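Here, each number is a calculation from the coordinates, and none is a lab measurement. No experiment lies behind these values; they were computed from the predicted model shown. Here the Cβ positions follow ideal geometry from the backbone for every residue, glycine too, while neighbour counts run over all protein chains shown.
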Amino acid sequence: MTETSDRLRDLTGEASLNHVVLGPAGSIGVEGRLAEDACSRDALHALAAGLGLTGLRRDRLADDLARAAASSDADSARSAAAVLHAFGTRLGALIATLRDPATAARQGSTPYRRDFLARWTTVERVWLAGGLLAGACGPLVLEGARATAGLAPHPCPVALPPRPELAPLIGAARHLPASSGTEAAVVADLGHTSIRTAVAERHGRTLRRLRHLRAGPAPRLPGTVESAVGAALAEAVRDVADPTAKRIRVIVSVASFVRDGLPADDGQGIYGCLAAGAPALLRAIRDAAGVGADLRFLHDGTAAASAAGGTGDAVITAGTWLGVGFAPMGGPPRLTVPRDRLPVAWADEAGPPPDALG
């Protein structure tokens, strides 16, 4: 493993994409802007408003845009498709900037930052995931992204994983250890907009499905984070309902950089307080399960990359903010997903709850 790979094994705040200054790819009007100002949820909301799409909810933006794109009102459908395509071209401009070998020298303010930016020139494929690519939004965004990403000095393929909005959950589940027989475990995705949980079923080395998928709002106030996360995990643990289990595994994808196996309390997100709150979380899980429990945290970008591609790939997640992840190098093999598709059963077993994927 190279020195650069060693340095980037655990991503830190210096690996954020939000502060990348966009280059001139495609002359689409975002050159010189920060990626967070052009490619965030609020930026997409502003794009939609500029094309006359009003009444869109920021915390349900993908749902509302998908509905507009499928509307019988031709003007609304065209506007929604144009908004999503334009947003994709901005993500493509970000990819083109990252693929430019000059970016690391120009924007790498520290050795770590230069290594992080330089790694993008070696990436074999970029995957787009996150809540803003849910459902019908994903293909429209992807089309725009490919149009401008292809203008990079060294272009690479850009793709969507199956169920891009669930990539952190699927990636977390793929980190379950393989063993003989069947096992159910709890996986969670703690995001800026929502908390999602599911029961992951694996058989041997195969991840078979996610069931009892639930979604609820993310906590807004720092003092409520630990209790909100504890309640969501406890509810998910009760869904496992395996009286023969002696221990339950819980793997949590979290919108935080992870240091020493815990969310980093670096002031950059709401979940840093869980570093100190992990023992209380583990107690809540054990009380709900009535058995022993193991709790593991994964950076959400790393989890999403685990769902999508191979060791030479990277992922950009588009949600409230931009996220990033590289497929993990080393360690045990990840669980496989049959035919690259994962059956998903929602909590009500009748389809996704309204607005759960925004």
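Some notes on this structure:
- In the chain, helical runs assigned H by DSSP with n ≥ 4 each contribute -39500 (n - 2.57); averaged across all residues and rounded to the nearest 500, the mean residue ellipticity at 222 nm is -11000 deg cm²/dmol.
- Global size of region 164-346 as Cα Rg and Dmax, reported in angstrom: 15.1, 43
- Largest mean-square fluctuation among Thr197, Thr148, Thr224, in a Gaussian network model of the chain whose springs join Cα atoms under 10 Å apart, belongs to Thr224.
- Under the convention that each Lys and Arg Cβ holds +1 and each Asp and Glu Cβ holds -1, the size of the dipole of the chain around its Cα centre is about 640 debye.
- The residues neighbouring Gly23, those whose beta-carbon lies less than 11 Å from its own, together hold a net charge of +1 under the Lys/Arg +1, Asp/Glu -1 convention.
- The charge dipole of region 164-346, taken about the Cα centre with unit charges on the Cβ atoms of Lys, Arg (+1) and Asp, Glu (-1), comes to about 560 debye, rounded to the nearest 20.
- Shown here are the Rg and Dmax of the Cα trace of region 88-180, at 15.3, 51 Å.
- Region 190-242: trypsin sites (Lys or Arg not before Pro) in DSSP coil with no more than 15 other Cβ atoms inside 10 Å: Arg205, Arg220
- The Cβ shell under 12 Å around Arg205 holds other residues with a net charge of +3, Lys and Arg each +1, Asp and Glu each -1.
- Under the span-like rule (Cα at least 20 Å along the axis, Kyte-Doolittle mean at least 0.5), DSSP H helices of the chain: 74-98, 225-240, 274-289
- Percent of alpha-carbon pairs separated by more than 37 Å within the chain: 16
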